[in-house]
Amino acid sequence: MTAPNGSVPSQGVGEILALFRSRGPLTRSEVMDSTGLARSTINQRLDALLAAGLIVPAGESISTGGRRPGRFAFNAEVGITLVADIGASGLRTAACDLAGVVLAERATRINVATGPREVLGTVGRCFEELAGEVGRAPEDVKGVAVGVPGPVQFATGRVVSPPIMTGWDGFDIPGFFRDRYGTTVLVDNDVNVMALGEQRASYPDVAHLAFLKVGTGVGFGIVAGGQVLRGTQGAAGDIGHIRVTVPDDTEQPVCICGNVGCVEAYAGGWALIRDLRAAGRTVETVDDVVALIRAGDPSAVRLARRAGRILGEATADAVSLLNPSVVVIGGQLAHADEQLLAGIREVVYQRCLPLATRSLQIVRSSLDLRAGIIGLARLLADTILAPDQLDSLPAR
Ligand SMILES: [Zn+2]
């Protein structure tokens, strides 16, 4: 961020902005009281934030007499962010303000296996349309964030050996968008941002939350201490490829990761499609599987119950390790009646110690298919407005 005279504003300007973002409109005196800084320092920092358009005058506060002091508020409209939640077969894109509020969004069908150039080309076209829809130019875009259904090395934004993303291994997703927008580009695993979206929007007072996504694959995102837990490289929480033992199953199914007997090889959408076809049903998509389960097809219901128990075992292990307050279940298969959720709940409460489940809630995602874009918008706002990152946000 640059002040009008071209100099970088004094250090600490980000902390002042953080105050406005968390507390809402404030007067100069209220900022002074909260920070303990001198009036001259406060004035200098507020001037820098005003010049950058990051705060705006927000009317007058109520006073008991004399001149009423002016208030200032965070200006979430200083720019927009563009976010894309890429799934195996569906894409959701949105234009958001800097508070993470979705201004315009759309859902598009894609096939992630057609490769990065085709899929990201579609994302790029959606971004241009959405920016136009909210009346913004490319230079108004302050950040781009992309969620993908595969393992992401978070520091570089590159996808690493993704089982269901044919042709994406090592592709430079940030580079693709940085050329166009010249701004911050974040890439994260889809379930990490779903977990963050659900925590920020639905459970803001919960510090420890996990999100189990059951769609084409099986993913698990963790918010610990209010932050996404990614591990060293970004691979934390990959319970879809934990090995399970299923009684009376002599031949363990081969997983798309190359191993045998993974959770996903029994309970992922692609595995249920495989098993239902073997049982003579005509199913093409995960939505077809959900429709069969909801219609009470005996084979579909039996497979859904087994999937629920297997997902329950993996979730029980995760609960024992992490002790979250809330486990949110999302993804297309979460729409499959109560069969799946009942199985998960039963096994988790049976297997975990009472202290881990004493206040544990296992719930359906309330944001549902929008959890990803909401999480991406919040992650991006927190990143580009972080006190130590504020220099990257140029003045208007
Ligand atoms: Zn596997």
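The values are calculated or read from the model by the stated rules, or taken from the named source; none is laboratory data. Source: prediction; values computed, not measured. Quick reminder, even Gly has a Cβ in these numbers, built from the backbone with ideal geometry, and neighbours come from all protein chains shown. Just the protein is used for accessible areas: all its heavy atoms, side chains included, with ligands, DNA and RNA removed. Shrake-Rupley method; radii C 1.70, N 1.55, O 1.52, S 1.80 Å.
Take the residues of segment 205-224 that are under 12 Å from residue 334 (Cα atoms) and assigned to a loop (DSSP other than H, G, I, E, B): which is most open to solvent (accessible area, probe 1.4 Å)?
Filtering segment 205-224 down to residues under 12 Å from residue 334 (Cα atoms) leaves 211-216, 218.
Filter again for assigned to a loop (DSSP other than H, G, I, E, B), leaving 215-216.
On the way: 215: 2, 216: 36 Å².
The qualifying residue most open to solvent (accessible area, probe 1.4 Å) is 216.
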Which of the helices (runs of 4 or more DSSP H) contained wholly in segment 251-345 include at least 3 residues that are away from the ligand (no atom under 16 Å from the Cβ) and surrounded by fewer than 22 Cβ atoms within 10 Å (Cβ to Cβ)? 269-278, 286-294, 298-322
Could you list, ordered by first residue, the pairs with Cβ atoms under 8 Å in which the first is in segment 287-300 and over 11 Å from residue 276 (Cα atoms) and the second is surrounded by fewer than 22 Cβ atoms within 10 Å (Cβ to Cβ), at least 6 apart or interchain? 290/335; 294/335; 294/337
Checking residue 160 against (1) under 19 Å from residue 240 (Cα atoms); (2) of a type outside the set (Lys, Arg); (3) open to solvent by less than 20 Å² (accessible area, probe 1.4 Å), which single condition isn't satisfied? (3)
Single condition residue 28 does not satisfy, out of (1) open to solvent by 50 Å² or more (accessible area, probe 1.4 Å); (2) modelled with pLDDT under 90: (2)
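Could you check segment 225-250 and list, in sequence order, the residues that are outside any loop (DSSP other than H, G, I, E, B), more than 9 Å from the ligand (Cβ to nearest atom) and open to solvent by 30 Å² or more (accessible area, probe 1.4 Å)? Before you say what the answer is, go through the steps one by one.
Step one: filter segment 225-250 for residues outside any loop (DSSP other than H, G, I, E, B), giving 227-228, 239-241, 243.
If we keep only those that are more than 9 Å from the ligand (Cβ to nearest atom) as well, we get 227-228, 239.
Matches in segment 225-250: 227 only.
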Can we say residue 9 is open to solvent by 50 Å² or more (accessible area, probe 1.4 Å), over 16 Å from residue 381 (Cα atoms), at pLDDT below 95 and not in a helix (DSSP H, G or I)? no
